[in-house]
Structures are given as structure tokens and as C-alpha cells.
Amino acid sequence: MKRTKQALRLGIFVASALLLFVVAVYLIGSKQNLFSSNTDLHASFKDIRGLMPGNLVRFAGINIGTVKDIRIVADSSVVVTLSIRDDYTDFIYKNSQVQIGQEGLMGGKIVLISTGDPATGKVEKDDYLPVADGLDIQAMIAQATEMLEEAKGTVASLRSIADKMDHGEGDIARLLNEQSLTSGFETATDRLNESLADINNITGKISNGEGDLGKLIQSDSITTEVNRIMAGLSITTQRADSLVNELHQTSYSLNHGEGVLPRLLHDKEMGLNVDTAIAKVDHGVVQVTRAAETIANSWIFRLFSKKRKKEPEVGTSVQEIKVNPGDTLLIRHEGRLAADSRE
Amino acid sequence: MKQLNLRQKLRVKEETRNFYNGIFIDLGELVIFTGNVVRQLFQPPFEHRELVKQGFLLGNKSFALVVVTGFIMGLVLTMQMNPILSDFGAQTLLPGVIAVSMVRELGPVITGLICAGKISSGIGAEIAAMRVTEQIDAMEVSGTRPLSYVVASRVMATTIVVPVLVIFADAFSLLGAFLAVNIFEDTSTTLFMNRAFSMLGFIDLFPATLKTVLFGFFIGLIGSYKGYTAGRGTESVGLSANSAVVASSLTIFVIDLIFVLITSIL
């Protein structure tokens, strides 16, 4: 009886341990998807960054499988086989992207599957999923190192600037280290304040409409006057336009018309005729003048003119002057002729 | 410094030679003893009743000591590691870390050392007492195989019960860790177990279990050997118990080292 009791207690003892062991095996196995039906999917990476078989596969934040196998097929291609529980394959589509992530800064690597487009269809066994670039801690560290180097350089520059400022080199250092600048600033500030007060006074007067500038700004009469002038200017401008237009027409008529003036301007033959006519007129005038002098000196004329007799004898000889076309003849009232030759 | 004369020097030399020879002699005798015991394990008639009796005495009677130790180990380890992991912001890893460390290393080794202290010394003292009181001689004379009845049953019993005790120690250490984690933060049992088993793999469980089988075998074997080869004097009982504890403990560490090397290769 005693032995039976001992055997019973020993049996319970051992069985309990075995049960705990089996539970542990089941829990570990279920984490590794050993007790569920799975579908294998593949993804080809250039660099798996330390991913290992057994690492978790996560979809929408749920652990849906594990990395089953990793094999290198070329120098730039590592094929990772993912064992996905069948319960979840309905939600993974052919264009769902796979990337390698990390479980926190200290955690291991995980494979992340993104949601895809249902239009591309559900994944099937041994499908290859497209790969996306994942978060790379090494790249982040490299970037951080670069930033630290730059920060180091910046700190060195700042230190150099601080040293210079401390030693009084440059304007900013003088600003910091010397009192004279401060007093100068104070003086300048005082003057500025005074100037501001003056400006304030002036602006006050302007606001009150005092002085010419105040009236200019405050009074409407100038504006009205200006408007009136502008209206006058507008009318003048219109007239000027009209005049210009008329001048344009006149000049056009002069250039292209058939009257006397256009011909005078453009017809050389006529110009010569006019010159000839003027020369003939000049000649005629000379003849007339000679005739007039002859008449005046004739005894008949003297007979009837006593006044002439008493006048002193002025040079009455006739002088012949040679003129060219275009010259102007000036006749003095004493009766003498002079010629002013002009081009 | 006192100068030794020639006779004393020769005696020291002789003792030293005897000491080193004794180690190798002991090792050789242990190997022979192990071979004889293993042969008895597969040679009928099997001592079932004695096996059950020893299993109950060595296993059930050590249960309380082992589970209390395991519970305290889990609790203390969690409380010690929590601040360290908090510094890294990795408190969520605590259940997993405790589970891995207990299942892989601390559970088997501590349970093994407890068993070495309690079971191996007990076996050594008991068998040495039987040797001193000539019970073993009587068995040999009467035709009863003392190696099968006394030694093999005990070795078989320890080989079975030590892994069982380790499993209980691991389970209770996780219970202690769960309570300790709940001191710092509210964690549900489900979440704790999920986190604990998320870091555990078969590579942690199976080598550790196999290791405990070897621990159990050598605890029983060394205890039995020390008792079986005890002298005739009554002081031999104490010496056997003492040397059994020392040798068993050392053997546990050596086996553990070998398994760590093997599992690190895996």
C-alpha cells in the first residue's frame, strides 16, 4: 500500500513535469509556426543586414510568420524564404512590399510586409514579393557620424570666434569688450532720440496742416488746382495732337503733294527757274534804279524840283554789283545799294 | 624557514605522488564502476520497486527545496535586472531574458547543485553506511546484486528525477519573475508568457533538458561510487558524503561547460 502510494505520488510528480515540458515545447513551437499550416513566400534582397532564420515576419503589426530559410544565389541577391501562416495569406497581395526592419534599437531584425493592392490578387505558394528599402541603423549611424563631424567643425569655428571675441579682435569683440562704443552708442541714441523728437514735431505740424508741406498734405486746394492744371494740360495736349496731326498732313503734302511748295522743295528745275527769275528781278530792279536815277538827274526833273538843287552832291555814280542766286539785296533809303552776300 | 631533512622530503614527494596517482586511480575506478552500473541498467531483473522508492525519496522529497529555490531565483533575478534593463529602456525584454537565463543555465545548474548537495551526499552517506555495516558484503554473499539493487536503482532514479526537478524549478522561477515584474508594472499573465516564450527557442530548451539528464546521472553515479568505495571505518560515511558533494558539483560545472561549448557551436 505504501509502495503504491509512493509510486502514485512519483507518477504525478513526473507527469506534471512532463506536462510542463510539453506545454513549453508547444508554446515555443507555436511561436515558430511549427503547429500550423504555412505558406512559403520569397523575397530577394541585396543585403539582409543580419537577418537570421527564425526572425519574425510582421504584417500590419501582427506576427504572421517566421524567416524559414536564407540562401545566397548571386553576389548581389540573397533569397529569403518566409513561412507565413495560412490564416494571413488572404490579406497579402502580390504587390505587397517586403522590407527588413528592426525591433527597436536593441531588438533583432524583423521582416515587415506592407499592405498591397487587392487588384493584383492574393499571394500564392512560392510567390516572390517585391522588396523595399528598410530602415538601416548602420546608415543612420553613418549619417549621424557625418553630422557629428560637421557639428565638430562648427564648434571649432565657434570656439575660434569666441576666442577672437574674448581677445578683442574685430568689431563685435570691441563691441563686447570696450566701453567707448557703448558710450558712443548712448550718444548716438540720445541724438537719435532728439532727431526723433524733431521728426515727431515736424510730423505733428504736418498733421496739423501747418506750413507748405502740411498744406500740401492736408489741404485739398492744391489737388484741385493740380487737377485743373492737368485738365488744361489735357486740352493742350489734345490741341497739340491736333497741331501735330495738321503738321504731319502739311509735311506729307509738302513731301507728296503737287502744289507749288512741294515743287519748290523737290523740283530742281523749278528751283533753277526761280533762281533765274530772281536774278532777272534783281537785274530789273537795277535797271529800274538806274532809270530812276537818270530821271532824277535829268534837267526836266530838276526844273520842277528846287529842293534837289540845294542838296549836297553825294556820290551819284552807279555801282554795278554782281549777285548770285539766293543772295539778298538790301536797298538803303539814301538810295545807295549794298550787297550782303550770304550763303 | 625550517629546512626539511631528507626523510621528510622523501615523504612529501611520496604523498604528492600518491595524491596525483590517487586522482587518476579514482578516475579509472570511476570509469570501471560506471561501466558496471550501466551494464546493470540493461541487465534484468530490473529493480522497479527500488527505483520507484528511490525516485520518490530523491525526487518528491526534494521538490519543495527546488521549487522554493527556483521561485526565489526568478524573483531575485528579475528585481536585479529590472533597473539595468530600465536604463536601456528595454523593460519589455525582462520576461524573455529571465526565461532564457533560467531555462538555459541557471535552472539546471542551481537545481543540479542543490541535488548534488542533498541527493548525492545522501546517496554517498547511505551506501557508505551500508558498506561500513557490511550490508553490501552480505548482499554479495547472498547472491543479491548490490550494484543493481543499490546503485543502478539510485542512478536511474536521479537520472529521471533531476530533469523533472529542473522543469519545476524553471516553472516556479518564471512564476517568481512574473510576481517581480508585477511589482514594477502591471503585466498580465498572457503578456508575460508571450514575452517570455518569444525569446525562447528549442535551442534553449532541448540542450538544457539533455544537460539535466546527465546531471542526474552523474549525481547518482558519483554519490553511489563514493559510498560504494568507502572505507570500513565510521568516518568513511562523512568523508563519502563530503567528497560526493564536491565531486558532483565539480562534474556539474564541467558538463555545463561542455554543453555551453556545444550549444554555442550550434
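The values are calculated or read from the model by the stated rules, or taken from the named source; none is laboratory data. Everything quoted here is computed from the prediction, not taken from an experiment. So basically every Cβ, Gly included, is an ideal-geometry build from the backbone, and we count neighbours across all protein chains shown.
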Regarding B:Leu58, is this residue assigned to a helix (DSSP H, G or I) and within 14 Å of another protein chain (Cβ to nearest Cβ)? yes
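Rundown of residues vs (1) away from every other protein chain (no Cβ under 14 Å); (2) within 30 Å of B:Arg154 (Cα to Cα), yes/no style:
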{"residue": "B:Glu14", "(1), (2)": "yes, no"}
{"residue": "B:Gln80", "(1), (2)": "yes, no"}
{"residue": "B:Ile84", "(1), (2)": "no, no"}
{"residue": "B:Gly89", "(1), (2)": "no, no"}
{"residue": "B:Val109", "(1), (2)": "yes, yes"}
Reported set for the stretch B:18-53 where residues are more than 21 Å from the chain's Cα centre (by Cα) and within 14 Å of chain A (Cβ to nearest Cβ) is B:Glu47, B:His48, B:Arg49
Looking only at residues in the stretch A:192-242 that are outside any helix (DSSP H, G or I) and out of contact with any helix residue (DSSP H, G or I) (no Cβ under 9 Å at 6 or more places or on another chain), which one is surrounded by the most Cβ atoms within 10 Å (Cβ to Cβ)? A:Ser219
Taking interchain pairs and intrachain pairs at least six residues apart, which have beta carbon atoms under 6 angstrom, with the first residue in the stretch B:181-199 and away from chain A (no Cβ under 14 Å) and the second outside any helix (DSSP H, G or I)? B:Val181/B:Thr187
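The rows are residues; the columns are (1) at pLDDT below 85; (2) more than 10 Å from chain B (Cβ to nearest Cβ); (3) surrounded by fewer than 13 Cβ atoms within 10 Å (Cβ to Cβ); (4) part of a strand (DSSP E or B).
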| site | (1), (2), (3), (4) |
| --- | --- |
| A:Phe13 | yes, no, no, no |
| A:Leu41 | no, yes, no, yes |
| A:Gly50 | yes, yes, yes, no |
| A:Gly54 | yes, no, no, no |
| A:Val57 | no, yes, no, yes |
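For (1) over 60 Å from the mean Cα position of the chain (by Cα); (2) within 15 Å of A:Gly326 (Cβ to Cβ); (3) of a type in the set (Val, Ile, Thr), each residue gets a yes or a no:
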{"site": "A:Tyr252", "(1), (2), (3)": "no, no, no"}
{"site": "A:Gly257", "(1), (2), (3)": "no, no, no"}
{"site": "A:Arg263", "(1), (2), (3)": "no, no, no"}
{"site": "A:Val274", "(1), (2), (3)": "yes, yes, yes"}
{"site": "A:Ala277", "(1), (2), (3)": "yes, yes, no"}
{"site": "A:Val281", "(1), (2), (3)": "yes, yes, yes"}
{"site": "A:Val286", "(1), (2), (3)": "yes, no, yes"}
{"site": "A:Ala291", "(1), (2), (3)": "yes, no, no"}
{"site": "A:Phe301", "(1), (2), (3)": "yes, no, no"}
Given the criteria within 14 Å of chain B (Cβ to nearest Cβ) and assigned to a helix (DSSP H, G or I), does A:Val67 qualify? no
Helices (runs of 4 or more DSSP H) within the stretch A:83-191 that include 2 or more residues at pLDDT below 80 and surrounded by 10 or more Cβ atoms within 10 Å (Cβ to Cβ): A:137-166, A:170-177
Of the conditions (1) surrounded by fewer than 21 Cβ atoms within 10 Å (Cβ to Cβ); (2) among the small types (Gly, Ala, Ser); (3) in a helix (DSSP H, G or I), B:Ala241 fails just one. Which one is it? (1)
I'm checking my understanding of the structure. Among residues of the stretch A:17-39 that are surrounded by fewer than 16 Cβ atoms within 10 Å (Cβ to Cβ) and aromatic (Phe, Trp, Tyr), which one is farthest from the other protein chains (Cβ to nearest Cβ)? A:Phe35
